[in-house]
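Worksheet: the structure to be examined is printed underneath.
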Amino acid sequence: MGEIAPLACGRDAAVVWDRAEAGLPLDAHGRDCPHCSAAYAEARQLDVAVHRMAEEPVQMPAQAVEAVLGRVLETARSRIRPEEALRLDSPLGPNRLARAAAATALRALVDAMDGMRARSCRIAQPGPDTAIDVALTVVARLGLDLAYATAQVRRTVFAAGEQALGLPVRRVDIEVVDLWEA
Amino acid sequence: MGGVTLHVADAAVASVAAAAARRVPGVVGARAALAAELVRVTISVRLGDNCRDVAEAVQRGVTHTLAELAGRTALVEVTVAELVLR
């Protein structure tokens, strides 16, 4: 995992996130520290959101279902070329994940974050294993703490790679290419 | 009593494979096609389910169903073509 900037109080943000993810309460410093408390609360919100997404039933209008099925059929007919797919591990033989679909999913997760929008997402799978490298360009709201926000993006991508795609994330590069005024 | 030969057409095998794939939790849509002894299954998965695990579950489900219903032993390859956002 890449380096994460420490919180303003000097504490490693990842330590606070790990406690939140594990469902552990903040320690004595964290309870009195506004930076730790805020990071903890955000991590809890993110964790709740990820689990809620996994548990929510999909309710889509029939037209949307037909549109999806149509695109699946089109893909099945046209066949995804090997260079357009990411390898998925399986004991029954390798499976594949369309690179464009994975990128769209990661972009959507970034777009759901407060003050951040993904502009592009490139995913590489350079090694013999299934680990991926992700390169994102994003735009951010003016006034946002960029170091903290990009650390959140990085954390989200690492989590989504493993939990949603089933691919370990080895590296995440983020470039903030523009800012917008709220 | 004479012998009986059962032949299951490729299109029927593909339909069985696609139906088996659709029964796997997390799969929103599925299509299947045959290429020799390889069954290619293309699926869409809802975002939030683990693509690797869903693809493997489809492989197992399709392999089992084809063996049971069509008497076919086939290699199954799954492609997740789309993640369905909500």
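The values are calculated or read from the model by the stated rules, or taken from the named source; none is laboratory data. Owing to the predicted nature of the structure, the values given are computational and were not obtained by experimental measurement. FYI the Cβ positions are ideal-geometry reconstructions off the backbone, even for glycines, and counts take in every protein chain you see.
Scanning the stretch B:9-26 for residues that are under 21 Å from A:L86 (Cα atoms) and either in contact with a Ser or Thr (Cβ under 7 Å, 6 or more places away or on another chain) or at the interface with chain A (Cβ under 10 Å from one of its Cβ atoms) (or both) yields a single hit, B:G26. How many residues does the stretch B:35-59 hold that are more than 27 Å from A:T104 (Cα to Cα) and either within 10 Å of the chain's Cα centre (by Cα) or facing another protein chain (nearest Cβ under 7 Å) (or both)? Qualifying residue count, the stretch B:35-59: 0. Scanning for something facing chain B (nearest Cβ under 7 Å), assigned to a loop (DSSP other than H, G, I, E, B), modelled with pLDDT under 95 and more than 23 Å from the chain's Cα centre (by Cα), does the stretch A:94-109 turn up at least one residue? No, the stretch A:94-109 has no match at all. Of all residues in the stretch A:105-138, those that are farther than 20 Å from A:R87 by Cα, surrounded by fewer than 16 Cβ atoms within 10 Å (Cβ to Cβ) and either of a type in the set (G, A, S) or in contact with a Phe, Trp or Tyr (Cβ under 6 Å, 6 or more places away or on another chain) (or both) total 2.
Can you name the residue in the stretch A:111-129 that is modelled with pLDDT under 95 and closer than 24 Å to B:A55 by Cβ and is also nearest to the other protein chains (Cβ to nearest Cβ) among such residues? So the residue we want is A:D129. In the stretch A:143-161 there is no residue that is within 13 Å of chain B (Cβ to nearest Cβ), in contact (Cβ under 8 Å) with a residue 40 or more places away in the chain, touching a Cys at 6+ places or on another chain (Cβ under 9 Å) and closer than 15 Å to B:L47 by Cβ. Out of all the residues in the stretch A:128-149, is one or more of a type outside the set (A, V, I, L, M) and within 10 Å of the chain's Cα centre (by Cα)? No, that holds for no residue.
Residue by residue, here is whether (1) farther than 21 Å from A:P6 by Cβ; (2) in the same structural domain as A:R87 (by TED's automatic domain parsing); (3) part of a helix (DSSP H, G or I) holds:
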{"position": "A:R119", "(1), (2), (3)": "yes, yes, no"}
{"position": "A:Y148", "(1), (2), (3)": "no, yes, yes"}
{"position": "A:R155", "(1), (2), (3)": "no, yes, yes"}
{"position": "A:V176", "(1), (2), (3)": "no, yes, no"}
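Condition check: closer than 23 Å to A:R170 by Cα, among the β-branched types (V, I, T) and at pLDDT below 80. Does A:V65 satisfy that? For A:V65, the condition - closer than 23 Å to A:R170 by Cα, among the β-branched types (V, I, T) and at pLDDT below 80 - is not met. Filtered by the rule that a residue be among the basic types (K, R) and out of contact with any helix residue (DSSP H, G or I) (no Cβ under 8 Å at 6 or more places or on another chain), the stretch B:8-48 gives B:R22, B:R46. Criterion first (outside the structural domain of A:L167 (by TED's automatic domain parsing), at pLDDT 70 or above and in contact with a Phe, Trp or Tyr (Cβ under 8 Å, 6 or more places away or on another chain)) does A:A5 satisfy it? No.
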